[in-house]
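Colleague: Take this structure first; my questions come after.
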Amino acid sequence: MTDRCRVYDDITQTIGQTPIVKINKLAPEGVNMYAKLEYFNPLGSVKDRLAMAIIEGAEARGELKPGGTVIEATSGNTGIALAMVCAQRGYKFVATMAASFSVERRKIMRMLGAKVIVTPAPLGGMGMVKKAEELAEKHGWFLARQFETEDNAAYHKKTTGPEILAAFEKAGLKLDYWVTGYGTGGTFAGTGEALKAAIPDIKIVLSEPVGAGLIASGVAQDRKEVLGKFGAPANPHPEWKPHPIQGWTPNFIPKVCEDGLKVLNFNKDNIVLVEGKAAMDTAMNLAKMEGIFCGVSGGGTFATALEVAKKAPPGSNILAMIPDTAERYMSTPLFAAIEAEMNEEEKALFDTTPLGKA
């Protein structure tokens with residue numbers, strides 16, 4: 001029995017306190033690898049934390065009134081999380097989402113009562129962000145600003161970071177490496193700040209997709225003011241190219257992530273680029289060998305952690321963030337090789353007993 005097994009007043013109180021699990025088969029000999037499984041959050045991703053941060057911050061500042069409407073651009077997980085929190089709190093929610101993201105995400109948001117405005121795929125992340133800005137201005141809705149709000153990193157500094165520190169202290173372990181990718185950069189910035197304050201010599205490793213190494217490029221992101229606040233991307237980043245790791249690295253550097261780079265005095269030498277295929281293959285391996293059912297971004301993060309493990313000193317403890325569940329990717333290339341119908345081997349097994357045989 002754990003403290004999580006208790007009666008809660010509402011679904012939002014179940015956010016956080018996600019487990020850290022040791023990797024037993026995929027980890028190379030001589031190092032210890034762990035994964036923080038953020039899909040244990042109630043709506044299946046790390047973005048549940050972000051949604052709480054945004055709504056609680058807006059309520060505290062009086063920016064969101066009872067019965068009000070929240071709007072945000074999302075690749076899916078933030079929108080799903082905001083739809084959940086808005087449903088519980090009694091707000092309306094509208095998401096803008098590029099057509100390139102998986103259809104199951106749209107359906108989940110709509111089941112939670114949200115409206116989903118789909119923007120043209122070629123416009124990428126910038127397109128859905130611009131549409132959200134236009135709709136917020138037109139209708140007077142609260143713009144969540146997940147890519148710019150200080151509430152994002154602050155919530156991870158208050159929750160995710162301390163959870164990790166407490167878990168490793170309780171287990172009598174020192175954390176040597178912490179590996180993450182980024183969508184908004186909130187996990188990286190806030191959790192990284194908490195870990196660095198407690199473990200000054202920890203090595204923080206940030207991953208980006210091959211072909212979309214925006215931070216690795218060293219090219220600055222243009223920014224602009226939107227609805228009286230500065231920080232939104234003014235243009236797509238020139239180094240971005242389409243990649244298959246949904247939820248990672250939009251076609252701009254989020255201000256939250258950029259601020260985190262400065263706070264952590266982050267060294268670009270600690271960026272690892274990962275191929276989309278490696279991310280998908282690793283997600284599959286985590287499922288088949290460890291029973292960890294994660295999305296492509298989790299596969300990408302753990303693929304990066306495996307690269308880190310190759311150079312880590314013996315006895316090192318490496319923790320990778322697993323942002324979401326594989327169920328968000330059923331219609332994507334991650335599941336392309338997985339058939340719904342029986343394959344030949346399964347048909348042969350079926351025929352080994354009488355039932356159903358012709």
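Colleague: Here's a check for you: in the range 285-302, which residue that is of a type in the set (A, V, I, L, M, F, W, C) and out of contact with any strand residue (DSSP E or B) (no Cβ under 8 Å at 6 or more places or on another chain) is surrounded by the most Cβ atoms within 10 Å (Cβ to Cβ)? Walk me through how you get there before you give the answer.
Modeller: Taking the range 285-302 first, the residues of a type in the set (A, V, I, L, M, F, W, C) are 286-287, 289, 292-294, 296, 302.
Narrowing further to those that are out of contact with any strand residue (DSSP E or B) (no Cβ under 8 Å at 6 or more places or on another chain): 289, 296.
Values: Met289: 12, Val296: 27.
The selected residue is Val296.
Colleague: Hey, another quick one. Among the residues of the range 147-155, are any at pLDDT 95 or above and under 29 Å from Gly315 (Cα atoms)?
Modeller: no
Colleague: Among the residues of the range 325-349 satisfying the criterion of being open to solvent by less than 80 Å² (accessible area, probe 1.4 Å) and free of Cβ contacts under 8 Å to residues at least 40 places away in the same chain, which is farthest from Ser75 (Cα to Cα)?
Modeller: Ala348
Colleague: Of the numbered conditions (1) at pLDDT 95 or above; (2) charged (D, E, K, R); (3) in contact with a helix residue (DSSP H, G or I) (Cβ under 7 Å, 6 or more places away or on another chain); (4) in a helix (DSSP H, G or I), Glu72 fails exactly one; give the number of that condition.
Modeller: It is condition (4) that Glu72 fails.
Conditions tested, residue by residue: (1) charged (D, E, K, R); (2) closer than 19 Å to Asn152 by Cβ.
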| site | (1), (2) |
| --- | --- |
| Lys36 | yes, yes |
| Leu50 | no, yes |
| Ile54 | no, yes |
| Ala58 | no, yes |
| Gly76 | no, yes |
| Ile80 | no, yes |
| Met84 | no, yes |
| Ala87 | no, no |
| Ala95 | no, yes |
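Colleague: For the list (1) in contact with a Ser or Thr (Cβ under 8 Å, 6 or more places away or on another chain); (2) open to solvent by less than 10 Å² (accessible area, probe 1.4 Å), I need the number of the one condition that Ala58 fails.
Modeller: Just one mismatch for Ala58, condition (1).
Colleague: If you don't mind, another one. So, in the range 222-242, how many residues would count as being part of a loop (DSSP other than H, G, I, E, B) and surrounded by 21 or more Cβ atoms within 10 Å (Cβ to Cβ)?
Modeller: Qualifying residue count for the region: 2.
Colleague: Given Ile204, Ile215, which one is of a type outside the set (Phe, Trp, Tyr), in contact with a Lys or Arg (Cβ under 8 Å, 6 or more places away or on another chain), open to solvent by less than 60 Å² (accessible area, probe 1.4 Å) and more than 24 Å from Phe101 (Cβ to Cβ)? Before the answer, list the steps.
Modeller: Details: Ile215 fails: more than 24 Å from Phe101 (Cβ to Cβ).
Result of the check over Ile204, Ile215: Ile204.
Colleague: Search the range 61-83 for residues being free of Cβ contacts under 8 Å to residues at least 40 places away in the same chain and open to solvent by 10 Å² or more (accessible area, probe 1.4 Å), and hand back the single one that is nearest to Gln17 (Cα to Cα).
Modeller: So, considering only residues that are free of Cβ contacts under 8 Å to residues at least 40 places away in the same chain and open to solvent by 10 Å² or more (accessible area, probe 1.4 Å), the one nearest to Gln17 (Cα to Cα) is Arg61.
Colleague: Take the range 84-103 and flag every residue that is open to solvent by 30 Å² or more (accessible area, probe 1.4 Å), within 22 Å of Pro250 (Cβ to Cβ) and touching a Ser or Thr at 6+ places or on another chain (Cβ under 8 Å).
Modeller: Ala99, Phe101, Val103
Colleague: Determine whether Thr282 is closer than 25 Å to Ala167 by Cβ and either open to solvent by 10 Å² or more (accessible area, probe 1.4 Å) or without any contact (Cβ under 8 Å) to a residue 40 or more places away in the chain (or both).
Modeller: Criteria met by Thr282.
The values are calculated or read from the model by the stated rules, or taken from the named source; none is laboratory data. Model, not experiment: these values are computed from the prediction. In this analysis, Cβ positions are derived from the backbone assuming ideal geometry, glycine residues included, and neighbour counts consider all displayed protein chains. In case anyone asks, the SASA skips ligands and DNA or RNA and just uses the protein heavy atoms, side chains included. Shrake-Rupley method; radii C 1.70, N 1.55, O 1.52, S 1.80 Å.
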